[in-house]
Amino acid sequence: MAVVVRAYVALGANLGDAQGSVRAAMDQVARLPQTQLVAASSLYRTAPVDSSGPDYINAVMAVDTGLTAAELLQAMQQIELQAGRERPYRNAPRTLDLDLLMYGELVQEDAALTLPHPRMVQRAFVLVPLHEIAPERLTAEQLEAVADQGIVRIDEAR
């Protein structure tokens, strides 16, 4: 029997039908083997950070999964590819971006994966939706540090 771990996934898109892409990706992640949706945040609109192009649609979801962190990451990368994700340069606009933020309490740093996600605490587009579904994972100071970054909720959590 696989060990079940609570994982948090950030979703974002700013090309094509960004809202549709983020919602579809949530459904795809939730349907992965040995994986169950626990919570999904509202969708949020944010200006690009260290990037360009149209505003992003962002969300965060929590899943309980029996997949390893590496297996979950690989499955998420396949979902990105199916959505037409290309990586022409760092922080390029994208049809879909899935980031593994946390995998239980795992701390890992290697060429394939760094956990917790190294830049998540610098980004309102991650912290605000994460706070919506898992407020216990953040401190008031972490939220205050990104309070000047523009982020607008555009729909209710599912």
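The values are calculated or read from the model by the stated rules, or taken from the named source; none is laboratory data. Predicted, not measured: the structure shown is a model, and the values here were computed from it. Virtual Cβ from ideal backbone geometry, glycine too; neighbours counted across all protein chains shown. To get the accessible areas, we keep the full protein, side chains included, count just its heavy atoms, and leave off ligands, DNA and RNA. Shrake-Rupley method; radii C 1.70, N 1.55, O 1.52, S 1.80 Å.
A few comments on the model shown:
- Where strands (runs of 3 or more DSSP E) fall entirely within the stretch 8-123, those with at least 1 residues that are in contact (Cβ under 8 Å) with a residue 40 or more places away in the chain and in contact with a Phe, Trp or Tyr (Cβ under 6 Å, 6 or more places away or on another chain) are at 44-46, 56-65, 97-103.
- Taken over the stretch 5-22, the criterion of being at pLDDT 95 or above and open to solvent by 60 Å² or more (accessible area, probe 1.4 Å) is satisfied by 6 alone.
- Hits in the stretch 31-69 - residues which are aliphatic (A, V, I, L, M) and open to solvent by 30 Å² or more (accessible area, probe 1.4 Å): 37, 38, 47, 49
- Of all residues in the stretch 110-158, those that are more than 18 Å from residue 59 (Cβ to Cβ) and of a type in the set (Gly, Ala, Ser) total 5.
- Odd one out for residue 77 among (1) open to solvent by less than 50 Å² (accessible area, probe 1.4 Å); (2) under 26 Å from residue 3 (Cα atoms); (3) at pLDDT below 95; (4) of a type outside the set (A, V, I, L, M): (1)
- Of all residues in the stretch 124-148, exactly one satisfies the criterion of being in contact with a His (Cβ under 9 Å, 6 or more places away or on another chain) and part of a loop (DSSP other than H, G, I, E, B), namely 138.
- Residues of the stretch 35-49 include none that is at pLDDT 90 or above, out of contact with any strand residue (DSSP E or B) (no Cβ under 7 Å at 6 or more places or on another chain) and either among the acidic types (Asp, Glu) or over 21 Å from residue 151 (Cβ atoms) (or both).
- Residue count, the stretch 131-158 (criterion: surrounded by 16 or more Cβ atoms within 10 Å (Cβ to Cβ) and under 10 Å from residue 42 (Cα atoms)): 2
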